[in-house]
Amino acid sequence: MTGALSGGKATGAIKKAWVTAGLVACLSAAILLGVGLGAVPVRPGEVLALLFKGPVSGDPQSQVRWEILWRLRLPRVLMGSLVGFSLGMAGAVMQGLFRNPMADPYILGVSSGASLGAVTGIVFGAGRALGAWALPLPAFLGAFCAMALVYSLATWHGRTELLTLLLSGIALSSMISSGVALIMVLFRQRTEEIVFWTMGGLSRSSWNSVRVSLPYVLVLGSLTWLLSRPLDALAFGEEAAFHLGLDVEKSKRLALFIASLLTAQAVAFTGPIGFVGLVVPHAVRLVMGPAHRWLVPCSGLAGACLLVLSDLLARTLVPPAEIPVGVITAMGGAPFFLYLLFQQRKRGRGAES
Amino acid sequence: MKDTSEGIVQLEGVWFSYGRRWVIQDVTFSAGAGEVTAIVGPNGAGKSTLLKIVSGFLRPGKGSSRVLGRDVAAMSPRERGKLLTYMGAELEPVFGFTVEETVLLGRFPHTGALRKEGPDDVAAARRAMNLLHLDDLAQRPITDLSSGERQRVYLARALCQETSILLIDEPTAHLDMAYEMWVMEVLARRARDQNAAVVVILHDLNLAARFASVLYFVRDGRVHKSGSPGETVTAETIREVYGAECYVFPHPEGGWPQVVPLRPA
């Protein structure tokens with residue numbers, strides 16, 4: 001009995017560690033591919049040489065490639081990883097917290113809030129005052145205000161009710177979205193810019209955005225991981241979590257805020273990118289199980305992989321045009337997700353018979 | 001023994017309301033260490049509410065609720081989790097945590113949010129699973145289990161918490177006849193061997209009469225009668241509390257009251 005029990009646990013952990021290592025390897029490969037491929041393709045070996053040793057001196061070709069890789073593609077690919085990582089993690093947190101695999105990172109109205117912020121920025125010409133931060137800054141502020149508003153609507157006497165939170169998120173989101181639509185109609189000459197933002201994409205990525213996002217995601221990501229066990233307890237419902245000795249309100253608040261802040265950062269830089277935060281945690285859960293200490297970081301890694309690869313396809317499939325990355329995440333992600341679901345159902349049926 | 005152990009759990013003149021109506025009215029209740037206390041009564045009598053007031057999940061509108069002489073609401077969540085546990089009607093599971101992961105969560109108040117479970121915690125989980133015959137199910141996702149199996153998993157999680165107060169709302173729900181008796185036996189042993197205060201809500205008066213030292217008959221949010229099984233489990237009390245006619249006789253083996261329902265009054 002003793003051996004079987006601890007043995008089962010150990011093999012489970014080893015398997016999960018291998019899957020995690022596999023995801024890290026996938027992400028590295030995806031980054032290498034993403035940096036190498038494009039209008040000017042560069043072999044992986046040369047990519048590594050260019051990135052780590054710099055351009056070959058006296059070779060103008062090499063200098064040009066280095067410029068493309070270092071100034072254009074690398075920040076874009078890194079932003080893709082950071083945003084995918086944030087959305088994957090935030091999705092895992094929201095689904096656990098709401099005990100609902102249909103929950104996604106935008107549940108507190110973060111994406112519509114960000115849209116309103118960005119659109120306001122576009123219309124009122126924040127570009128002149130804010131420069132490179134003309135879109136991310138108002139978008140982040142919009143996201144933050146929406147999240148704070150939804151949260152305070154659902155909080156009564158220090159208690160936040162999740163169902164109310166969900167419903168006020170939906171209500172506020174649709175209200176804000178209609179606001180965005182209204183602005184679009186009123187300022188028709190900016191419609192294209194606005195539509196482009198709301199489709200989401202990584203084309204605006206720069207080293208500046210990486211420099212801001214990297215420490216932000218590292219800090220909030222680690223905090224999210226530290227919430228793994230409270231999230232495990234909350235997955236059994238608030239009453240059960242209370243009796244397991246959890247400070248339910250505090251844990252809920254922390255999880256909601258951290259996940260929404262991660263999401264707000266992601267949306268602020270790239271616009272709303274759907275599907276990653278919804279499907280990735282679900283898919284990862286099918287392989288790794290629901291325990292958050294594995295689910296949270298692996299959803300981050302898988303989200304990063306998915307977004308980097310999707311962005312690669314988005315900019316290389318029909319050059320020189322670019323497909324919105326959200327279209328790719330959904331087109332590639334959905335069949336894969338259905339495949340996993342189907343596999344699980346087959347396994348379930350096998351176990352029953 | 002009974003004198004020293006009185007009132008580990010103590011409710012004094014407790015009133016509680018979810019909104020307009022008082023669902024608990026002036027209830028005084030105590031449960032001692034080393035014994036099983038049963039709360040019985042018809043549906044909607046306020047039994048579960050009462051137990052959740054004891055656990056601190058609900059705050060009484062009037063009156064005081066204390067465990068070991070202290071206000072539960074004033075304790076830190078972890079301190080409370082180490083001292084008392086509550087198992088009630090659990091929600092349908094959404095995620096497939098394994099049986100072992102679920103039981104190990106009972107160690108949460110001991111480890112806190114940040115420390116990983118150590119060998120002691122794993123050993124406690126293993127003991128609890130073994131006690132409820134869950135060894136073979138350890139790696140199965142709880143979403144695959146029957147409701148009776150899940151009931152045993154949640155009981156194991158509560159036992160794994162190793163608290164000196166156990167509040168169990170219908171421990172035998174979903175269980176078959178053999179497991180009903182086994183689970184009550186496990187809880188009675190926990191009370192006796194570890195001097196724990198065990199409070200259970202039961203619908204089966206025969207189980208209550210057999211395993212509990214003290215019974216509280218609750219009706220319409222009030223304690224109708226309390227005392228030993230012999231004093232309380234009578235045809236008269238049952239008629240008053242449930243509105244049902246019963247035939248009560250001494251159990252052929254143990255002599256505790258045995259109830260045979262006849263008809264609704």
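Computed from the coordinates by the stated procedures, all read-outs in this text should not be read as laboratory data. Model, not experiment: these values are computed from the prediction. Backbone-built Cβ (ideal geometry, glycine too); neighbour counts: all protein chains shown.
Taking θ = phi - 60°, what integer Hz values does the Karplus form 6.51 cos²θ - 1.76 cosθ + 1.60 yield along the stretch A:241-255, in sequence order, with x for Gly and Pro?
4, 4, 6, 7, x, 9, 7, 4, 5, 5, 5, 4, 4, 4, 4
Using a Gaussian network model of chain B whose springs link C-alpha atoms within less than 10 Å, name the residue from B:VAL223, B:VAL94, B:VAL248 with the highest mean-square fluctuation.
Result for chain B, Cα springs under 10 Å: B:VAL94 fluctuates most.
Distance from a point 7 Å along Cα→Cβ of A:GLU322 to each backbone N in the stretch A:163-198: keep the residues under 12 Å and list them by number.
It comes to A:196-197, nothing else.
How many nm is it between the label spots at B:ASP26 and A:ALA13, if each spot is 7 Å from the Cα in line with the beta carbon?
So the two model labels end up 5.7 nm from each other.
What does the charge add up to near A:GLY38, with Lys and Arg as +1, Asp and Glu as -1, over the other residues with Cβ less than 10 Å from its Cβ?
Values: positive: A:ARG73, A:ARG76, A:ARG315; negative: none.
That works out to +3.
Determine ³J(HN,Hα), in whole Hz, for all residues of the stretch A:297-314 in sequence, where each value follows from phi through the Karplus function 6.51 cos²θ - 1.76 cosθ + 1.60 and θ = phi - 60°; x replaces Gly and Pro.
Karplus-based 3J(HN,Hα) across the stretch A:297-314 equals x, 5, 5, x, 4, 5, x, 4, 4, 4, 6, 4, 5, 4, 5, 4, 5, 4 Hz.
Ranking A:TRP207, A:TRP18, A:TRP294 by Cβ neighbours within 10 Å, fewest first, what do you get? Numbers along the way, then the final one.
Values: A:TRP207 13, A:TRP18 10, A:TRP294 22.
Ordered by Cβ neighbours within 10 Å, fewest first: A:TRP18, A:TRP207, A:TRP294.
Step through the residues of the stretch A:94-106 one at a time and calculate ³J(HN,Hα) from phi using the Karplus curve (6.51 cos²θ - 1.76 cosθ + 1.60, θ = phi - 60°), rounding each to whole Hz and writing x for Gly and Pro.
Once rounded to whole Hz, the list reads 5, 5, x, 5, 8, 6, 8, x, 8, 6, 9, x, 8.
Which length gain, in nm to one decimal place, applies between A:VAL64 and A:TYR339 when the Cα-Cα distance is subtracted from 0.36 nm times their residue separation?
Numbers: separation 275, 0.36 × 275 = 99.00 nm, distance 4.22 nm.
The A:VAL64-A:TYR339 span can extend by a further 94.8 nm.
Between A:ALA148, A:ALA92, A:ALA259, which gets the highest mean-square fluctuation from a Gaussian network model of chain A, Cα cutoff 10 Å?
Its mean-square fluctuation being the largest, the pick is A:ALA148.
Of all DSSP beta bridges in the protein assembly as shown, what percent run antiparallel (nearest 5)? Spell out each step's value before the answer.
Working: 28 of 45 bridges.
Approximately 60 percent, going by the DSSP bridge assignments.
Using 0.36 nm per residue of separation minus the Cα-Cα distance, give me the extension gain between A:LEU33 and A:ALA181 in nm, one decimal. It would help to have the intermediate numbers written out before the result.
Values: separation 148, 0.36 × 148 = 53.28 nm, distance 3.77 nm.
Full extension from A:LEU33 to A:ALA181 adds 49.5 nm.
Here is the link list: A:LYS16/A:LYS53; A:LYS15/A:LYS250; A:LYS250/B:LYS82; A:LYS250/B:LYS116; B:LYS62/B:LYS225. Which ones come out longer than 29 Å on Cα distance? Intermediate values should be presented prior to the final figure.
Numbers: A:LYS16/A:LYS53 35 Å; A:LYS15/A:LYS250 33 Å; A:LYS250/B:LYS82 19 Å; A:LYS250/B:LYS116 20 Å; B:LYS62/B:LYS225 21 Å.
Flagged as over cut-off: A:LYS16/A:LYS53; A:LYS15/A:LYS250.
When only DSSP loop residues count, what GluC sites (Glu not before Pro) in the stretch B:187-257 have their Cβ near at most 10 other Cβ atoms within 10 Å?
Hits after loop and neighbour filter: B:GLU253.
Once amide H atoms are built 1.01 Å from N in the peptide plane, which residues 5 or more positions from B:HIS224, or in another chain, come under 5 Å H to H?
The list, which skips near neighbours in sequence, is B:PHE217, B:VAL218, B:ARG219.
Would you mind calculating the relative contact order of the stretch B:1-84 from Cα pairs under 8 angstrom and at least 6 residues apart, reporting the percent as a whole number?
Working: 123 pairs, mean separation 28.0, N = 84.
Value for the stretch B:1-84: 33 percent.
When chain A is modelled as a GNM with alpha-carbon springs shorter than 10 Å, which of A:TRP66, A:TRP225, A:TRP156 fluctuates the most?
Among A:TRP66, A:TRP225, A:TRP156, the largest GNM mean-square fluctuation belongs to A:TRP156.
Can you give me the distance in nm between label points at B:ALA178 and A:TRP225, each placed 7 Å from the Cα along the Cα-to-Cβ direction?
4.7
Under the √(5λ) rule applied to the eigenvalues of the Cα gyration tensor, what semi-axes describe the equivalent ellipsoid of the stretch A:84-343? Give them in Å, descending. Could you put the intermediate results ahead of the total?
On the way: eigenvalues 174, 102, 50 Å².
Ellipsoid half-lengths, sorted descending, are 30, 23, 16 Å.
Please work out the FRET efficiency for the pair A:SER203 and A:ARG43, using the Cβ-Cβ distance as r and a Förster radius of 35 Å; give the result to the nearest 0.05.
On the way: r = 24 Å, r/R0 = 0.69.
It comes to 0.90.
Would you mind checking which residues have amide H under 5 Å from B:GLN258's amide H? H placed 1.01 Å from N; only 5 or more apart, or other chain.
Those qualifying (amide H under 5 Å, at least 5 residues apart or on another chain) are B:PHE249, B:HIS251.
Looking at chain B, what % of its DSSP beta bridges pair antiparallel, to the nearest 5? Walk me through the numbers on the way to the answer.
Numbers: 26 of 43 bridges.
Percentage antiparallel, nearest 5: 60.
Quick query: amide H of B:ILE39 versus all other amide H atoms, modeled in the peptide plane; which residues come in under 5 Å with a sequence gap of 5 or more or a different chain?
Under 5 Å from the amide H of B:ILE39 lie the amide H atoms of B:VAL200, B:ILE201, B:LEU202, B:TYR216, each far enough along the sequence or on another chain.
Could I have the simple spin-label model distance between B:ARG59 and B:LEU262, label points 7 Å from Cα toward Cβ, reported in nm to one decimal?
Each label point lies 7 Å from its Cα, and together they span 4.9 nm.
Counting other beta carbons within 10 Å of each Cβ, put A:LYS15, A:LYS252 in order, fewest first. Intermediate results must be reported in sequence, preceding the final value.
Working: A:LYS15 13, A:LYS252 23.
By the 10 Å Cβ count, ascending, the order reads A:LYS15, A:LYS252.
Restricting to DSSP H runs of at least four residues, report the calculated mean residue ellipticity at 222 nm for chain A, -39500 (n - 2.57) per run over all residues, nearest 500 deg cm²/dmol.
-25500 deg cm²/dmol
So how do B:TYR86, A:TYR106, B:TYR18 line up by other beta-carbon neighbours within 10 Å, fewest first?
On the way: B:TYR86 25, A:TYR106 30, B:TYR18 11.
Going from least to most buried by this count: B:TYR18, B:TYR86, A:TYR106.
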